[in-house]
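Asks: Next up is a structure, given as structure tokens.
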Amino acid sequence: MYKKVTIKPQREASLQRFHPWIFSGSIHSVEKGTKNGDAVILINVKGEKLAVGHYFEGSIAVRVLSFDGDQSIEGILKDKLEKAYSYRQQLGLVDNTNTNLYRLIHAEGDGLPGLIIDIYGHTAVIQCHTLGMYQHLSSIEEVLVGLYGSGIHIFDKSSDLISEAKEKNYIRGSYQRENWVENGYQFDIDWEKGQKTGFFIDQRNNRKALQAYCRGKKVMNLFSYSGGFSIYAQAAGAAKVVSVDASANANEICKRNFQLNFNAEHEAITADALDYMKDMSQEFDVIILDPPAFAKHLSAKHKAIQAYKRINLQAMRHIQKGGILFTFSCSQVIDALTFRDTVVAAGIESGRTIRIVQQLSQPEDHPINLFHPESNYLKGLVLHVE
Ligand code: SAH
């Protein structure tokens with residue numbers, strides 16, 4: 001049976017609030033022989049079973065998978081994967097020919113800390129963020145085959161995050177190019193060489209929201225990756241669309257995506273976004289700022305806030321009168337209020353009159369666990385800049 005981890009008295013409150021993280025300071029003792037990645041049962045000093053999770057020595061010592069101390073990890077995985085699948089079915093994302101890219105498992109948002117699964121047509125790309133989850137890959141595979149059938153391709157990309165993981169590899173099948181579409185727009189996706197799981201599914205609704213502002217406008221997409229926002233802007237009738245990303249590889253994919261959708265060339269510039277903005281012409285009516293997570297850890301929060309302020313200030317300084325700025329933060333440690341305060345600070349310094357016209361978040365296949373506010377990681381503001 002699983003090893004036991006005992007919680008200090010008076011430290012059970014977070015479990016009673018269903019928060020899935022147990023910090024090391026709340027731990028009374030860890031059973032001898034418990035290794036990193038082991039599945040453990042959390043008990044109180046009276047010996048009562050409280051929860052089941054994965055152990056890892058560090059600040060977050062246990063990530064809870066079930067608040068029922070009697071469930072097996074295999075049972076939990078099957079149950080939660082099936083529930084996540086049926087919820088995506090309810091959303092109309094399964095077997096949808098207009099959008100065949102969606103997130104099946106959004107870690108804590110689907111009750112499975114440490115696990116991300118993105119679906120690209122007939123391929124599932126898995127990223128385990130914890131060693132514990134990685135050790136259950138074969139159980140995860142079994143459930144996925146049960147849900148999608150034996151034809152599913154499964155690619156494991158956990159080695160980006162876990163040193164113990166095998167180099168990126170196919171658990172089933174191989175790279176299979178197919179017609180990947182989001183809201184009818186085509187995207188080429190390369191999970192082997194691309195960032196994260198290959199595509200930023202989380203911006204689907206926000207790309208759609210952008211279209212309302214693009215007709216006849218000049219659009220600058222900064223941190224453009226494979227051109228998601230650019231494609232939507234072009235399709236919505238923009239007069240001009242330019243993409244800027246520091247990655248030449250991302251820009252290649254971006255250009256390919258323009259060919260796929262419009263059979264047209266696209267201006268995708270390889271540059272640092274902040275440097276680029278400093279000399280940018282002021283012709284752009286719509287600017288998108290979707291940087292990578294500037295703060296991956298709490299310790300980087302202060303620096304990240306400065307970085308968000310700098311890029312927002314430059315965008316505000318350079319946008320056309322009456323322009324629209326889409327600005328995002330995907331840093332988990334920067335909450336919505338902090339992000340907004342940072343944008344306010346940039347706004348004050350810019351000296352321009354600015355209104356928030358829309359507040360954006362992550363889509364419905366990236367659910368936010370009510371008891372884990374940190375899973376609300378994507379924050380966006382649409383600003384009207386006079
Ligand atoms: N908006 C994109 C996702 C952006 S992800 C979409 O809808 O798909 C963040 C992107 O920022 C990555 O493509 C990364 O290559 C790029 N990036 C990281 N640092 C950068 C920098 N300093 N300047 C420009 N781009 C950068």
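The values are calculated or read from the model by the stated rules, or taken from the named source; none is laboratory data. All values reported here derive from a predicted model rather than from experimental measurement. Here the Cβ is made from the backbone with ideal geometry for all residues, glycine too, and neighbour counts use every protein chain on show.
Asks: Looking at segment 205-224, which of its residues are within 14 Å of the ligand (Cβ to nearest atom) and in contact with an Asp or Glu (Cβ under 6 Å, 6 or more places away or on another chain)?
Replies: If the condition is that a residue be within 14 Å of the ligand (Cβ to nearest atom) and in contact with an Asp or Glu (Cβ under 6 Å, 6 or more places away or on another chain), then Phe223, Ser224 are the ones that fit.
Asks: Only one of Leu50, Leu112 is part of a loop (DSSP other than H, G, I, E, B) and in contact with a helix residue (DSSP H, G or I) (Cβ under 6 Å, 6 or more places away or on another chain). Can you tell me which?
Replies: Details: Leu50 fails: part of a loop (DSSP other than H, G, I, E, B).
After applying the criteria, what remains is Leu112.
Asks: In addition: Just one of Ala13, Ala84, Ala39 is under 22 Å from Asn376 (Cα atoms) and in contact (Cβ under 8 Å) with a residue 24 or more places away in the chain; which is it?
Replies: Criteria check complete, one pass: Ala84.
Asks: With the condition kept exactly as written, say whether any residue in segment 28-45 is touching a Phe, Trp or Tyr at 6+ places or on another chain (Cβ under 9 Å), outside the structural domain of Leu131 (by TED's automatic domain parsing) and small (Gly, Ala, Ser).
Replies: Within segment 28-45, one or more residues are touching a Phe, Trp or Tyr at 6+ places or on another chain (Cβ under 9 Å), outside the structural domain of Leu131 (by TED's automatic domain parsing) and small (Gly, Ala, Ser).
Asks: If the Cβ limit is 7 Å and pairs must be 6+ apart or interchain, which residue in segment 113-135 that is in the same structural domain as Ile152 (by TED's automatic domain parsing) and closer than 19 Å to Ala51 by Cβ pairs with which residue that is among the acidic types (Asp, Glu) and modelled with pLDDT under 95?
Replies: Final answer for the pair search is Leu131/Glu164.
Asks: Go through segment 1-33 and count every residue that is surrounded by 13 or more Cβ atoms within 10 Å (Cβ to Cβ), under 28 Å from the mean Cα position of the chain (by Cα) and assigned to a loop (DSSP other than H, G, I, E, B).
Replies: 3
Asks: What residue, of Glu164, Glu252, Glu265, is assigned by TED's automatic domain parsing to the domain that holds Gly322, in a loop (DSSP other than H, G, I, E, B) and of a type outside the set (Lys, Arg)?
Replies: Result of the check over Glu164, Glu252, Glu265: Glu265.
Yes/no matrix, rows are residues, columns are (1) closer than 18 Å to Arg17 by Cβ; (2) touching a strand residue (DSSP E or B) at 6+ places or on another chain (Cβ under 7 Å); (3) in a helix (DSSP H, G or I):
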| site | (1), (2), (3) |
| --- | --- |
| Lys35 | no, no, no |
| Val62 | yes, yes, no |
| Ala84 | no, yes, yes |
| Arg88 | no, yes, yes |
| Gly92 | no, no, no |
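Asks: From the residues in segment 269-308 that are modelled with pLDDT under 95 and touching a Lys or Arg at 6+ places or on another chain (Cβ under 8 Å), which one is nearest to the ligand (Cβ to nearest atom)?
Replies: Out of the qualifying residues, it is Phe294.
Asks: Let me ask something else about it. Among the residues of segment 233-250 satisfying the criterion of being within 10 Å of the ligand (Cβ to nearest atom) and touching a residue at least 24 places away in the same chain (Cβ under 8 Å), which is nearest to Arg207 (Cα to Cα)?
Replies: By that ranking, first place goes to Ser243.
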